[in-house]
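What follows is a short report on a single structure.
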Amino acid sequence: MKPEITERTTQVLVEEALAKVKSYNQYREMVAQLTQEGKSTGPNQTEALINYTMLNDRRMKRFDKTIKVDLETSQKVASVNKNITLLVVTESWCGDAAPAIPVMNKIAELNDQIELKIALRDENIELMNRFLTNGAMSIPKLIFWDDDKKEVIAVWGPRPKPAAQLVADHKARYGILLPEIKEEIQHWYNKDKGQTILKELTVLLLK
């Protein structure tokens, strides 16, 4: 008889990931260090991934400075009265993460009961496989984790809805994703200044 394989619960996988996460500041320091060393996170060290890591380091610095939170959103986030960990699964080279994670950090700064933790996808494959997007390990993937109830209360990612629609429309038009779509999405992120992500995440926090 073959031994029975017991599937591990999402709670176990989340708590396992939380034991080896980084804070936002630690993550930013790591990405800056990788940029200096000409490296990226993950097992694949390609020129493209290294270049994206360098680009993301610059983009995160810019978004840290330019993201503004309006008073109404600030008050809504501050009103959340439960202990929540925003566990984001990502990699240093992920283009969609550069504008998104600084927004997550701004939200966490508004409420002492909300904490942002960052886990690397390729170190948490089993967890990532619980939160696939159309069957793919798309990142960033944000897991809203209720620390008291030990359960997932919401999931977001990898992109805000308008950016996801840009990608869907592009694929419908051309049948594949051409390199130009990355530039198109980046223009959208720069113009939006994190406001759509801020609104989408706030809605999920208040559910």
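I need the Debye-formula profile for segment 98-156: one equal scatterer per C-alpha, no solvent, reported as log10 I(q)/I(0) at q = 0.17, 0.20 1/Å, two decimals. Log10 of I(q)/I(0), two decimals: -0.64, -0.87. When every Cα-Cα distance of segment 1-109 is counted in 10 angstrom steps from zero, the calculated P(r) takes the values 12, 35, 30, 16, 6, 1, 0 percent.
Scattering from segment 14-64 was approximated by placing one identical point on each alpha carbon and applying the Debye formula without solvent; log10 I(q)/I(0) at 0.29 1/Å stands at -1.07. Need the C-alpha centroid separation for segment 47-74 versus segment 170-191, integer Å. A separation of 19 Å, based on Cα centres.
Computed over the chain, the convex hull of the alpha-carbon atoms projects to a mean area of 13.7 nm². Length gained on full extension, residue 165 to residue 123, computed as 0.36 nm times the residue gap minus the Cα-Cα distance: 12.2 nm. Each stretch of four or more DSSP H residues adds -39500 (n - 2.57); spread over every residue of the chain, this sum gives -16000 deg cm²/dmol at 222 nm. Under the combined filter of DSSP loop state and at most 13 neighbouring Cβ atoms within 10 Å, segment 78-176 retains these trypsin sites (Lys or Arg not before Pro): 82, 149, 150.
Counting only protein heavy atoms and a 1.4 Å probe, the chain has 55 square angstrom of accessible area per residue. Here the chain has 51 percent of its accessible surface on carbon and sulfur atoms, given a 1.4 Å probe and all protein chains in place. Go ahead and run the numbers for FRET between residue 151 and residue 33, Cβ-Cβ distance against an R0 of 25 Å, rounding to 0.05. Efficiency for this residue pair is about 0.10. Solvent-accessible surface (1.4 Å probe) assigned to residue 187 amounts to roughly 120 Å². Contact order for the chain, expressed relative to its length and based on alpha carbon pairs under 8 Å spaced 6+ residues apart, stands at 24 percent.
Over segment 115-207, the reciprocal of the mean inverse Cα-Cα separation, the Kirkwood hydrodynamic radius, stands at 14.9 Å. Placing dummy labels 7 Å off each Cα toward the beta-carbon, the span from residue 182 to residue 12 is 3.8 nm.
The values are calculated or read from the model by the stated rules, or taken from the named source; none is laboratory data. Predicted, not measured: the structure shown is a model, and the values here were computed from it. Please note: Cβ atoms are built from the backbone with ideal geometry, for glycine as well, and neighbour counts cover all protein chains shown. Side chains included, ligands, DNA and RNA excluded: accessible areas come from the protein's heavy atoms. Shrake-Rupley method; radii C 1.70, N 1.55, O 1.52, S 1.80 Å.
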